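The values are calculated or read from the model by the stated rules, or taken from the named source; none is laboratory data. For clarity, every value in this text was computed on a predicted model and none was experimentally measured. When we count neighbours, we look across all protein chains shown, and the Cβ atoms used for this are built from the backbone with ideal geometry, even at glycine. Accessible surface is based on the protein model in full, side chains and every heavy atom, while ligands, DNA and RNA are left aside. Shrake-Rupley method; radii C 1.70, N 1.55, O 1.52, S 1.80 Å.
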Amino acid sequence: MNRIVNLILVFVVVVASACSPSAGKSPSDTRTAKTKVSEDLSQYRPTYNVPDENAPVARVEPTNHVNRKVAVLMDTVASVNKNIKYAQGYRILAYNGSERQTVMDLRKSIARRVPEVKDYLTYNQPNFRLKVGDFFNRVEAQQVLNQISDLIPNAQIVQDQINIK
């Protein structure tokens, strides 16, 4: 037991002496006491020729004109994109049930609240399904869902194939 205490005491003394400053001088004091040696390294630095500001600059003419090719490719991409009518996106599932009058009333109230959003009513016997909107991302769908959440507290955002305008 005594031996362990002695070892711990020796360890603490060694650590404390290693952390203490030496002779009360900081490294900056020792540098100022010595003579400073200055070296001139400018001979090793690279030099660059600076062009005269008033000198005429030669105009570079392009040799490979691709503007017409790019325009043709962009036209083909645009025509292909015009033919795309559907994409993967999000809709709000407002109602899924068998009561026709309920779904019709809900459809009218949603149309009054957000007239710019299109609704999709489908009937697979015996269930009516009312989906609202064509949204490319979930954030857009969530904004509309916040507007109609008091009408439909159980509405959900679902992934669906949406129509592109």
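Out of the total accessible area of the chain (probe 1.4 Å, heavy atoms of protein only), what percent is carbon and sulfur? Before the final figure, lay out the partial values.
On the way: 7910 of 14330 Å².
Using a 1.4 Å probe with all protein chains present, the chain comes out at 55 percent carbon and sulfur.
Cα axis of helix 67-82 to longest principal axis of the chain: angle in degrees, 0 to 90, nearest 10?
Tilt relative to the chain: about 50 degrees.
How far is helix 138-148 tilted, in degrees, relative to the longest principal axis of the Cα atoms in the chain, given as a value from 0 to 90 rounded to the nearest 10?
For helix 138-148, the angle is close to 50 degrees.
Work out how much length Asn67 to Gln159 would gain on full extension: take 0.36 nm times their residue separation and subtract the Cα-Cα distance, in nm to one decimal.
Separation in residues times 0.36 nm, less the Cα-Cα distance, equals 29.1 nm.
Compute the angle between helix 2-19 and the longest alpha-carbon principal axis of the chain, please, reported from 0 to 90 degrees and rounded to the nearest 10.
That works out to roughly 90 degrees.
Need one number: nm distance between label points at Ser149 and Asn127, each 7 Å from Cα along Cα→Cβ, rounded to one decimal.
Spacing of the two 7 Å Cα→Cβ label points: 2.5 nm.
Summing Lys, Arg as +1 and Asp, Glu as -1, what charge do residues with Cβ under 15 Å from the Cβ of Gln161 carry, Gln161 excluded?
+4
For Val50 and Ala87 in one chain, what is 0.36 nm times their gap in residues minus the Cα-Cα distance, to one decimal in nm?
7.7 nm
Once a ≥ b ≥ c are taken as the square roots of the eigenvalues of the Cα gyration tensor of the chain, is the result rounded (a/c under 1.5), prolate (a/b larger than b/c) or oblate (a/b not larger than b/c)?
Oblate, since a/c reaches 1.5 and b/c is not below a/b.
Per residue, how much accessible surface does the chain expose to a 1.4 Å probe? Answer in Å², no decimals. List each step's numbers first, then the result.
Numbers: 14330 Å² over 165 residues.
Value returned for the chain: 87 Å² of accessible area per residue.
Out of residues 5 or more away from Tyr95 or on other chains, whose amide H comes under 5 Å of its own, with H placed 1.01 Å from N in the peptide plane?
Leu130
Could you work out the local net charge near Pro126, counting Lys and Arg as +1, Asp and Glu as -1, over the other residues with Cβ closer than 15 Å to its Cβ?
+1
Within the chain, what is the number of lysine pairs with alpha carbons under 26 Å apart, leaving out pairs fewer than eight places apart on the same chain?
Within the chain, the lysine pair count is 15.
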